[in-house]
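To start, the structure under review is shown below, and the notes come after it.
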Amino acid sequence: MAWASDSNPVDEMKYVVVTGGVLSGLGKGVTASSIGVLLKSAGLRVTAVKIDPYLNEDAGTMSPFEHGEVFVLDDGGEVDLDLGNYERFLDVCLTRDNNITTGKVYNKVIQKERRGDYLGKTVQVIPHITNEIQDWIERVAHTPSDGNGKEPDACVIELGGTVGDIESAPFVEALRQFQFRVGQDNVCFVHVSLIPVMGPVGEQKTKPTQHTVKELRGLGINPHMLVCRSKSPLIDETRNKISAFCHVPPEAVVSAHDVSNIYQVPIMLESQGVTSMLADRFGFELPAKRKVLDDWKELADHVDTLDDAEEVHIAVAGKYTDLADSYLSVIKALQHASFKVNRKLVIDWIESSALDGETERSDSESHNSAWKLLKSADGILVPGGFGIRGIEGKIKAAEYARENKIPYLGVCLGLQVATIEFCRNVLGMEGANSTEFDEEPAHAAVVFMPEISKTHMGGTMRLGTKPTPFLVDDCKIRRLYGGEGHVDERHRHRYEVNPELIGDIEEAGLVYVGKDETGERCEIMELDGHPYYVGTQYHPEFKSRPDRPSPPFLGLLMAASGMEI
Ligand code: GLN
């Protein structure tokens with residue numbers, strides 16, 4: 001994306017700190033990303049930091065039930081899904097250091113203490129932890145992230161959780177001090193709150209916001225802007241009341257009401273003067289032409305038009321299907337691809353255990369409805385996953401797609417189950433399985449990778465971006481990647497297709513068209529003579545962008561919409 005100018009619009013780093021109150025899940029991440037888009041549209045280079053006040057070093061060991069999807073970065077960082085929002089909105093590439101956790105900060109301070117860096121001193125939350133947090137923020141804020149190798153001009157910092165939590169207290173204190181470290185004019189505090197609507201006339205209630213701002217101010221932070229989540233736009237009376245009680249000018253009380261799609265959020269904030277307020281506070285000029293904003297508007301409006309477009313149904317056979325956050329990047333990648341093929345995307349979630357009759361969820365009614373959904377889909381996707389639950393159902397979904405020539409995309413585990421299915425049903429290897437689900441299967445189709453630790457679970461998978469050279473001159477997936485010689489995509493797995501079986505599998509028509517640089521490890525599969533039967537050992541969803549859908553996902557949507565690849 002082109003920058004408005006290459007001269008620096010600001011002389012010092014600008015920080016926007018986004019905190020939240022009342023309850024979690026208010027869309028702080030989308031607010032932070034949207035503010036980033038607005039700064040970018042003003043010609044600033046923008047990066048982002050997420051603070052997660054939990055003791056885990058990173059999100060890698062947390063279940064998606066607990067935490068939502070684990071997002072994977074180029075450097076192999078397993079991080080909070082908000083970093084995915086930043087990457088997609090700002091079109092940047094972040095590092096593991098852009099996600100600060102309590103675990104990371106304490107770990108670092110304790111290591112320093114052991115080394116003797118604080119010799120003679122009592123190591124304390126203030127100043128040692130709070131200083132470490134500030135040093136960390138400053139360091140990552142200056143790290144180039146947009147691929148041009150230049151330092152950012154602005155950094156959006158999102159503090160996870162809600163203000164007042166015991167966990168976040170050291171971070172709030174560090175951020176309070178931070179404004180004096182970097183200069184108050186270089187910091188803008190934005191607090192996201194909720195305006196519930198009550199009673200027969202639908203009154204917009206301001207009390208929860210009054211309380212959370214009071215709490216924040218009690219901790220020494222005076223917000224410069226309040227972003228108020230509400231169903232419908234804030235009425236003037238509500239805005240004025242919040243302004244009066246919260247010591248924020250009325251124009252800085254911003255309505256973040258429900259909009260037709262998330263790409264409208266930056267536009268909604270822009271229309272209330274958020275960018276001009278930031279420009280005033282930080283002392284930069286708003287350029288007359290803001291291409292990033294124009295592109296963004298175009299995208300948001302295009303997405304709206306798809307409501308009336310022809311539907312394309314994609315069945316996702318997974319195990320966390322009750323919780324859309326668990327598959328956030330997969331959903332985003334499917335959406336991005338649907339924007340390109342101009343279809344209205346309908347995701348039919350299928351609890352894969354119901355396809356098989358494996359658990360209590362697979363009574364005959366849920367079994368039948370799962371199969372009905374699967375059979376009516378235009379395309380089938382099996383996403384990544386861990387553990388045995390629902391595996392047989394996923395294998396059945398892969399079998400159904402292969403036999404009935406339904407477009408199929410298998411991501412990571414989805415490639416592995418397609419391989420198991422192929423071994424069982426095409427090569428006649430009865431009992432073929434992954435050693436993840438059966439320690440001693442009759443045929444080990446998928447095996448534990450030799451270099452992976454058997455004793456340590458945190459950060460020990462095959463992680464991050466690795467190059468995958470294509471080994472076949474012409475195949476659908478290579479065409480989708482624009483004919484490139486290799487792809488760089490992000491990984492997160494412990495198991496791989498058994499290298500000993502590759503020859504037999506390929507001879508029968510399931511070809512691993514991409515392998516790792518050693519030529520041994522299977523990375524991309526494609527089935528001969530099928531409209532689209534593709535699997536990737538990596539997770540292409542993590543690098544998808546609204547205007548540049550991930551190629552394997554685009555292929556699925558194209559095939560599912562009856563387009564030639
Ligand atoms: N559980 C499989 C593995 O570890 C697949 C992982 C995934 O889908 N991310 O290899």
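The values are calculated or read from the model by the stated rules, or taken from the named source; none is laboratory data. Computed from a predicted model, the values in this text were never measured in an experiment. Because the Cβ atoms are built from the backbone with ideal geometry, glycine has one as well, and the counts that use them run over all protein chains shown. Ligands, DNA and RNA are excluded from the accessible area calculation, which covers all protein heavy atoms including side chains. Shrake-Rupley method; radii C 1.70, N 1.55, O 1.52, S 1.80 Å.
A few notes on this one:
- Selection within segment 26-50 - more than 15 Å from the chain's Cα centre (by Cα), under 23 Å from Pro170 (Cα atoms) and buried (at least 24 other Cβ atoms within 10 Å of the Cβ): Thr47
- Hits in segment 440-484 (condition: free of Cβ contacts under 8 Å to residues at least 40 places away in the same chain, of a type in the set (Ser, Thr, Tyr) and open to solvent by 40 Å² or more (accessible area, probe 1.4 Å)): Thr455
- Looking only at segment 460-492, and only at residues there that are more than 14 Å from the ligand (Cβ to nearest atom) and at positive phi, the one that is nearest to the chain's Cα centre (by Cα): Gly482
- Candidates in segment 351-375 are the residues that are crowded, with 18+ Cβ neighbours inside 10 Å and among the small types (Gly, Ala, Ser); of these, the one that is nearest to the ligand (Cβ to nearest atom) is Ser352.
- Cβ separations smaller than 9 Å between residues 6+ apart or across chains give the following pairs from segment 25-37 residues that are at negative phi to residues that are basic (Lys, Arg) and open to solvent by 30 Å² or more (accessible area, probe 1.4 Å): Leu26/Arg229; Thr31/Arg229.
- Against the conditions (1) under 30 Å from Val10 (Cα atoms); (2) free of Cβ contacts under 8 Å to residues at least 60 places away in the same chain; (3) open to solvent by less than 60 Å² (accessible area, probe 1.4 Å); (4) not hydrophobic (A, V, I, L, M, F, W, C), Lys112 satisfies every one except (1).
- Sole exception among (1) of a type in the set (Asp, Glu); (2) within 18 Å of the chain's Cα centre (by Cα); (3) surrounded by 22 or more Cβ atoms within 10 Å (Cβ to Cβ) for Asp547, by number: (3)
- Pair list, Cβ under 7 Å, 6 or more apart: segment 352-379 residue hydroxyl-bearing (Ser, Thr, Tyr), other residue assigned to a helix (DSSP H, G or I) and at pLDDT below 85: Ser353/Arg361; Ser353/Ser362
- For segment 63-82, filtering for residues that are of a type in the set (Asp, Glu) and either in a helix (DSSP H, G or I) or surrounded by fewer than 20 Cβ atoms within 10 Å (Cβ to Cβ) (or both) leaves 4.
- Test: residue in segment 493-506 that is open to solvent by less than 10 Å² (accessible area, probe 1.4 Å), within 31 Å of the chain's Cα centre (by Cα), among the hydrophobic types (A, V, I, L, M, F, W, C) and within 16 Å of the ligand (Cβ to nearest atom): yes
- Criterion (open to solvent by 40 Å² or more (accessible area, probe 1.4 Å) and closer than 27 Å to Ser550 by Cβ) met by exactly one of Asp378, Asp348: Asp378
- Odd one out for Gly60 among (1) at pLDDT 95 or above; (2) surrounded by 14 or more Cβ atoms within 10 Å (Cβ to Cβ); (3) assigned to a helix (DSSP H, G or I): (1)
For every residue, the table says whether it meets (1) open to solvent by less than 40 Å² (accessible area, probe 1.4 Å); (2) not in a helix (DSSP H, G or I).
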{"position": "Leu119", "(1), (2)": "no, yes"}
{"position": "Glu132", "(1), (2)": "yes, no"}
{"position": "Asp135", "(1), (2)": "no, no"}
{"position": "Glu138", "(1), (2)": "no, no"}
{"position": "Thr143", "(1), (2)": "no, yes"}
{"position": "Asp146", "(1), (2)": "yes, yes"}
{"position": "Gly149", "(1), (2)": "no, yes"}
{"position": "Asp165", "(1), (2)": "no, yes"}
{"position": "Phe171", "(1), (2)": "yes, no"}
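- Checking segment 233-248 against the condition returns no match, with no residue being surrounded by 14 or more Cβ atoms within 10 Å (Cβ to Cβ) and under 25 Å from the mean Cα position of the chain (by Cα).
- Search result, residues across segment 399-419 that are charged (D, E, K, R) and in contact (Cβ under 8 Å) with a residue 12 or more places away in the chain: Glu399, Arg402, Lys405
- Odd one out for Ile110, checked against (1) within 29 Å of Arg494 (Cα to Cα); (2) part of a helix (DSSP H, G or I); (3) not hydroxyl-bearing (Ser, Thr, Tyr): (1)
- The condition of being in contact with a Leu (Cβ under 6 Å, 6 or more places away or on another chain) and in a helix (DSSP H, G or I) holds for only one of Ser353, Ser338, that being Ser338.
- Tally of residues being aliphatic (A, V, I, L, M) and buried (at least 17 other Cβ atoms within 10 Å of the Cβ) across segment 177-211: 6
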